[in-house]
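Colleague: Below you will find the structure I want to go over with you.
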Amino acid sequence: GKLGRYPPWPGKIVNPPKDLKKPRGKKCFFVKFFGTEDHAWIKVEQLKPYHPHKEEMIKINKGKRFQQAVDAVEEFLRKTKGKDQASSHNSTEEKNRRNSSEERSKQSTGEEKRKASLSEGKVKKGTGEGKKRVSSVSSERGSKSPLKRAQDQSPRKRGRPPKDEKDLTVPESSTVKRVMTGTVAGFKWPPSVSEPVKDSDPHFHHFLLSQTEKPAVCYQAITKKLKVCEEETGSTSIQAADSTAVNGSITPTDKKIGFLGLGLMGSGIVSNLLKMGHTVTVWNRTAEKCDLFIQEGARLGRTPAEVVSTCDITFACVSDPKAAKDLVLGPSGVLQGIRPGKCYVDMSTVDADTVTELAQVIVSRGGRFLEAPVSGNQQLSNDGMLVILAAGDRGLYEDCSSCFQAMGKTSFFLGEVGNAAKMMLIVNMVQGSFMATIAEGLTLAQVTGQSQQTLLDILNQGQLASIFLDQKCQNILQGNFKPDFYLKYIQKDLRLAIALGDSVNHPTPMAAAANEVYKRAKALDQSDNDMSAVYRAYIH
């Protein structure tokens, strides 16, 4: 398939397990894939009837596993021939489905979560009526809604997935990975690219993580109302909650929001805050970047101090530790606007020492402080699909609920200030090291006479298949290094992660090696390109 699309896969609509609640929102059905033991929630509009699309599906898929799946469909149809299958999905079953929802791959990797989301959602109900609903499924990555539902599937207790769901995986690769682990009955087709990227999200999840005296950790999903809690293992508990309006739309806080820093990440965040009805005052070092947001309804702040003094909660998202400190401590900086009760949320990716220092000076003036660095890139920021790692003032974290729902798909509360900075650096260390490894493999393939496209196709068929792998390889193959995540910033994060390792005498040899390659790329003037431009450091 083309970049970002999955081939269709046959399956059938079935009743979900009793303890599995259906995602809220538009209609979806629980579908089991033929030829596999996999299953998923599928959006209505992404199902098509089996027979009218059978030939097209067979043309797209040539794999052995797929042929086995088609054989299984035909066998199923033979066995059920003669029964009245058009009415097999009666209103009672549909009602049950509406009341059931769950993200089955909570304990699987982040990749699998996204995979599950791509198959979750609403299933096309009205197109396959002649025979028992046997339809087929495929999906598209780039749009927000399938991704959003990765974590959004589970307003229910987020504990261990039901036993019969353990192996759920829905591939994310741009090729036929569904052949290996697909999960649906019927053909699920990609939503159109013009599909709205962000329906308001009734299933946005907050995770609260607080260290106890024991080594065990407590995870809780939180918003304005905490719901039922389920023990998972030992003293680990997971709570899912929902602070959205009854109709599923986000209810924006009535607090005045300030935002400092309109870079790749900040711009998308502010757009989503405005779209969801928040009152936002913006400031940027280069003021012309504010113009677009003023046209969208934002107010203009003349200095960081003015923004903080006129707003209840001020967010900031800047480039590095020096910029974060200058913003707070510099002339007309944040600190000058802090009075008792004022709230400051720093979303910059910095080291724990920097964020701890900033927290201390803010709190010393009576302010409240939350660190909330974000995992993602420009595209995910624009789509409101960021993952937010927060730590510090827990009450402030809860006050930011509607803001985090507008800008992200998930937020984690990690306890005391510094924890989010450390976790964010570790996440970006892994990502940066992986990117360098991808570039190393692609260039080695080239110099040894192997097709880079074929290497990507092979990787997309295996367990490494992911949106990240596919998009970054496509960047390299197309020579398109337009920044989605600046190379200079991933190098900064690797440097800070290595320093974090130094501080506890922990070896980070992989990150250290990757860091050297990024430094080479910076010397080749790739700083302002995407991180995938690290590829150019390997070109002889």
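The values are calculated or read from the model by the stated rules, or taken from the named source; none is laboratory data. Keep in mind the model is a prediction, meaning the values are calculated, not measured. Here the Cβ positions follow ideal geometry from the backbone for every residue, glycine too, while neighbour counts run over all protein chains shown. The protein model used for the area step is the full one, side chains on, heavy atoms only, and it has no ligands, DNA or RNA in it. Shrake-Rupley method; radii C 1.70, N 1.55, O 1.52, S 1.80 Å.
Colleague: Ordering 288, 371 from largest to smallest accessible area (1.4 angstrom probe), what's the sequence?
Modeller: On the way: 288 125, 371 5 Å².
Of 288, 371, the descending order of accessible area is 288, 371.
Colleague: According to the square roots a ≥ b ≥ c of the eigenvalues of the Cα gyration tensor, what is the shape class of the stretch 257-417, taking rounded for a/c under 1.5, prolate for a/b larger than b/c otherwise, and oblate for the remainder? Don't skip to the answer; put the middle values down first.
Modeller: Working: a/c = 1.43, a/b = 1.11, b/c = 1.29.
Rounded, since a/c falls under 1.5.
Colleague: By average Cβ neighbour count within 10 Å, what is the ranking of 251-260, 444-453 from highest down?
Modeller: Working: 251-260: 21.5, 444-453: 12.2.
So the peptides 251-260, 444-453, ranked by packing, come out 251-260, 444-453.
Colleague: Need one value: the accessible area of residue 502 in square angstrom, 1.4 angstrom probe, rounded to the nearest 10.
Modeller: Here the residue's solvent-accessible area equals roughly 100 Å².
Colleague: On to the next question. Quick one: with all protein chains in place, what share of the accessible area of the stretch 424-537 is carbon or sulfur, to the nearest percent (1.4 Å probe)?
Modeller: On the way: 2980 of 5270 Å².
Answer for the stretch 424-537 is 56 percent, counting heavy atoms of protein chains only.
Colleague: Given a 1.4 Å probe, how much area per residue of the stretch 268-414 is accessible, in Å²? Mind showing how you got there, number by number?
Modeller: Working: 5150 Å² over 147 residues.
Value for the stretch 268-414: 35 Å² per residue.
Colleague: State whether the stretch 255-344 is rounded, prolate or oblate according to the following rule on the C-alpha gyration tensor (a ≥ b ≥ c being the square roots of its eigenvalues): a/c under 1.5 gives rounded; otherwise a/b larger than b/c gives prolate, and the remaining case gives oblate. Walk me through the intermediate numbers first.
Modeller: Values: a/c = 1.73, a/b = 1.25, b/c = 1.38.
Here the stretch 255-344 falls in the oblate category.
Colleague: Taking all protein chains together and a probe of 1.4 Å, list 410, 279 from the most accessible to the least accessible. Intermediate results must be reported in sequence, preceding the final value.
Modeller: Numbers: 410 0, 279 55 Å².
So, going from the largest accessible area down, we get 279, 410.
Colleague: Which of the three applies to the stretch 424-537, rounded, prolate or oblate, going by the alpha-carbon gyration tensor with a ≥ b ≥ c and a/c under 1.5 meaning rounded?
Modeller: In terms of gyration-tensor shape, prolate.
Colleague: Accessible area, 1.4 Å probe, largest first: how do 489, 538, 50 sort? Kindly include the intermediate steps, with their values, before the conclusion.
Modeller: Numbers: 489 70, 538 50, 50 5 Å².
Heavy-atom accessible area, descending, gives 489, 538, 50.
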